[in-house]
Amino acid sequence: MIYAFYLDIFLLRTFITNCLILIFVIYMLKIPLIGKVVRLIASAVGASVCECVLLLLAGSYAFYKWTSVLVVVPLAARLAIGRQAGRKIPFLRLFALCMFVTVLTGGIVTALDSFFSSDATVMVCFGFVISYIVLKCFCERSNESRRLYRVTLLKDGKRACATALYDTGNLLKKQPQQIPVHIGGSALFDIVGEDASFFDVPYKSLGNDGGSIKVCEFDEMTVMKGNGKLILHNVLVGRASDSLFEDNAYDMILNEAVFSNKTSMENTLGKQAAHK
């Protein structure tokens, strides 16, 4: 009975810790959690069971710890991210990120546990709060410097999430109305349906004689910026080849016009604050 109780507590603590690690890894990679919650939980459960089996079979805490850190957690992170997003992320980068998050989370929990001599499950919760604050500040500064933003597209009630790069070199517009055209990967167009209408917009680029890109109109686009958000309606997005986004942390390129109108951006953020 004592052994079973210990096993339950062990599984609970490892599950909570694995969930936190996977959430932090996905957050730092700027991959939206929408549609990945079930996958994340399943990955955390699978990792916890594997770690429990490792501890029982090996009988060595050191073997269990290092195998979990070096093998189980990175594989669980790859499973939680999914095949489509995982193809863009080199495994060595994912491995290093898992190591960093594991050390950060485990270090905070261990330090609090030793200082307060309290239950480790409670310390995991404290560790979550502190780790979240640290990682949130780190991610916001890092992604702002790289001009990466979280974007949500809406079409006929369906949503698609993306990590977008703000590129001042993207000046593509639909003529003669001068409507900005953003650029996205093919996965973003899964929500438009087979009956959606596309039209061609000509473009020119450096080292290219030019051509045309298939463009579709989305009902709404939300761009997260710090604690605020910019909401645009009737947005045009061109479907680019997936090779454009290979080995990149983003799958969409925002038009220069998104943030060039500072008055519009300030008004949108002000309205959001007023609603709060």
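For region 150-259, the calculated P(r) over all alpha carbon pairs, in 5 Å bins from 0 to the bin holding the longest distance, is 2, 12, 23, 27, 21, 11, 3, 1, 0 percent. In the structure shown, do any of Lys155/Lys204; Lys204/Lys229; Lys155/Lys229; Lys174/Lys225 have a Cα-Cα gap over 22 Å, and if so which? From Lys155/Lys204; Lys204/Lys229; Lys155/Lys229; Lys174/Lys225, over 22 Å: Lys155/Lys204; Lys204/Lys229; Lys174/Lys225. Karplus-based coupling profile of region 213-222, in residue order and whole Hz: 10, 6, 10, 10, 9, 9, 5, 7, 9, 10, with θ = phi - 60° in 6.51 cos²θ - 1.76 cosθ + 1.60 and x standing for Gly or Pro.
Sorting 19-26, 45-52, 62-69 by their mean Cβ neighbour count within 10 Å, with the most densely packed peptide first, gives 19-26, 45-52, 62-69.
Read-outs: derived from the displayed coordinates by stated rules, not from any lab. This one's a predicted model, so the numbers in the text were calculated from it and none came from an experiment. With ideal geometry, Cβ positions are generated from the backbone for all residues, glycine too; neighbour counts draw on all protein chains shown.
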